[in-house]
Structures are given as structure tokens and as C-alpha cells.
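Structure provided below as C-alpha cells; questions to follow.
The values are calculated or read from the model by the stated rules, or taken from the named source; none is laboratory data. This structure is a prediction, so every number in the text was calculated from the model and none was measured. Cβ placement follows ideal geometry from the backbone for every residue including glycine, while neighbour counts extend to all protein chains displayed. Accessible surface areas use protein heavy atoms only, side chains included; no ligands, DNA or RNA. Shrake-Rupley method; radii C 1.70, N 1.55, O 1.52, S 1.80 Å.
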Amino acid sequence: MNLSDATQLLRAEALTRYDIYRWIHKALRARMCRVLVAVGGIDVSDGPATARALDQLDALLAVCRGHLQHENDFVHAALEAAQPGSSADAADEHVDHETHIAALAAASAALRREPAADGALRLYHALALFVSENLVHMHMEETEHNAVLWRHCTDAQIQAVEQRLMASLPPAELADTLPWMSLGLNATERAQLLGGLQQAVPAPVFETMLDSAMAPLTEPQRTALARALGRAPVPGLVMC
Ligand SMILES: [Fe+2]
């Protein structure tokens with residue numbers, strides 16, 4: 001796919017209709033890119049740093065597994081109800097992704113057992129290919145799947161699918177995703193996310209969430225978020 005095709009595939013409704021994919025896919029793209037850099041930085045002579053990078057990779061793989069399941073269970077069900085067969089290609093790709101996730105997890109475990117420079121390089125390239133497949137796959141979902149949803153469903157119906165999906169998630173999974181979503185979103189979206197959470201949860205819970213959302217941001221991003229929430233700028237926090 002060339003850039004021109006990709007741009008043309010983004011539909012005119014992309015900024016006016018409810019996009020069930022946008023925020024979670026921005027979170028996934030941010031996380032995949034950061035973890036790819038971390039795995040590229042593995043130097044097996046540094047055992048603790050290697051372990052930390054592999055921990056990040058294993059956590060990413062667990063998130064990817066969960067994401068496939070959530071899309072299969074909720075979004076594909078909605079797509080099939082709207083237009084039978086419309087999720088078939090993505091479902092096939094999800095099966096491939098599960099195979100690739102298992103292979104990456106095995107390679108990560110092997111590198112932990114036996115740190116070797118060639119194993120680290122192979123893992124980095126395998127992860128890069130996995131990330132590239134996922135970037136193309138997510139673009140397909142955000143164009144082709146959204147076209148089906150927007151043609152057949154109202155925004156309220158799409159949001160109801162998302163609410164059912166969100167209600168199925170354990171709190172630990174939501175907490176794990178929050179800093180990556182905060183990192184991936186733009187300032188307006190980030191303020192909308194945290195503003196919504198502020199309305200939805202008790203104040204002490206929100207304070208923990210806000211710390212987590214602030215952690216991966218730059219100082220200017222933290223200042224902008226604090227201002228958007230009507231707060232004084234927050235002193236520097238440690239990068240996640
Ligand atoms: Fe997917």
C-alpha cells in the first residue's frame with residue numbers, strides 16, 4: 001500500500017463519526033513502537049537491562065493476545081451482525097497474529113534462558129515484522145471495518161459495543177493500558193480521556209490514574225493536560 005492509497009482510504013467521516021478503534025489503536029501503536037526500540041537496544045552483556053526489555057516485550061505480547069480476543073468477541077460480532085462476512089479477513093489475520101505472538105514469546109523465553117547476540121538480533125527483526133503487520137492490519141480495521149460500522153450502525157450503537165467490551169475488561173488490564181493510551185493520544189484526546197475518567201471514578205482512584213497517565217508524558221504535555229483539567233502544572237514524574 002502506498003501513502004496516497006492509505007490516505008485516500010481514510011474516510012471523510014473519520015473525524016465526525018465515532019471511531020471504536022482510534023484510541024486503543026493509538027495506544028497499541030505507541031506501545032509497539034516503544035517496545036520495538038527497547039528490544040533493538042538489547043545488549044546481552046547487560047543482563048538486567050535485557051530482562052527489563054524482555055519484560056516489556058512479554059507484557060506487549062499479552063496485551064496483543066487480549067486485544068485480538070476483545071476484537072473477535074465484540075467488534076467482529078457487531079461487524080457480522082451489520083454485514084455478514086465483513087470481519088472474515090481480519091479474523092484470518094488474527095489467527096496469524098496468534099501464531100506470531102506465540103513464536104515471539106518462545107523467542108523471548110529462549111533469550112532469557114540463553115542470552116546470545118544472534119538471538120537478540122533475530123528477535124528484534126521478528127518483532128519489527130510483527131509490528132509492521134499490525135500497523136497494516138490496524139489501518140485496514142480503521143478504514144474497511146469502520147466503513148461497515150458507519151454504514152450500518154449509529155454512533156450510539158457503536159459506543160454501546162465499546163461499553164460492553166470495556167465492561168468485560170479486568171481493572172488491571174485497564175490500568176495497564178492507560179499510560180500507553182495517554183502517550184499515544186493527542187492533547188485534545190488525552191484531556192477528553194482524563195476528563196471522562198475524572199467524572200466516572202472516585203477522586204482517590206482518579207489521582208492514581210492521573211499519575212499513571214502523566215508518567216510517560218513530556219513536561220509540556222503534562223502542563224497542557226493539567227491545564228485542561230483545571231489544575232496547576234504537575235511537577236516532573238518519572239518516565240515509564
Ligand atoms: Fe485486529
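Run the quick spin-label model on Glu13 and Ala106: label points 7 Å from Cα toward the beta carbon, then report their separation in nm to one decimal.
Here the modelled spin labels are 4.2 nm apart.
When only alpha-carbon atoms count, how far does the range 3-169 stretch along each of its three principal axes, as whole angstroms with the largest first?
55, 37, 23
Right, next: Under the rule of -39500 (n - 2.57) per DSSP H run of 4 or more residues, summed and divided by the residues of the chain, what mean residue ellipticity at 222 nm is obtained, to the nearest 500 deg cm²/dmol?
Computed mean residue ellipticity for the chain: -24000 deg cm²/dmol.
What's the FRET efficiency of Arg122 with Asn72 using the Cβ-Cβ distance as r and R₀ = 41 Å, to the nearest 0.05?
FRET efficiency, Arg122 to Asn72: 0.90.
Points 7 angstrom from Cα along the Cβ direction at Gln157 and Leu135: gap in nanometres?
For Gln157 paired with Leu135, the spin-label model returns 3.4 nm.
Using +1 on the beta carbon of Lys and Arg, -1 on that of Asp and Glu, and nothing else charged, what's the dipole of the range 171-240 about the Cα centre, debye to 20?
260
Thinking of the range 171-240 as a set of Cα atoms, what percent of all their pairs are more than 19 Å apart?
21
In nm, give the distance between the simple-model label positions of Val205 and Ala147, each being 7 Å from the Cα along the Cα-to-Cβ direction.
Reported label-point gap for Val205 and Ala147 is 4.0 nm.
Right, another one. Taking the Cβ-Cβ separation of Arg227 and Glu114 as r and a Förster radius of 45 Å, what is the calculated FRET efficiency to the nearest 0.05?
0.35
So, one more: Could you rank Cys33, Cys153, Cys64 by how accessible they are, 1.4 Å probe, largest area first?
Cys33, Cys153, Cys64
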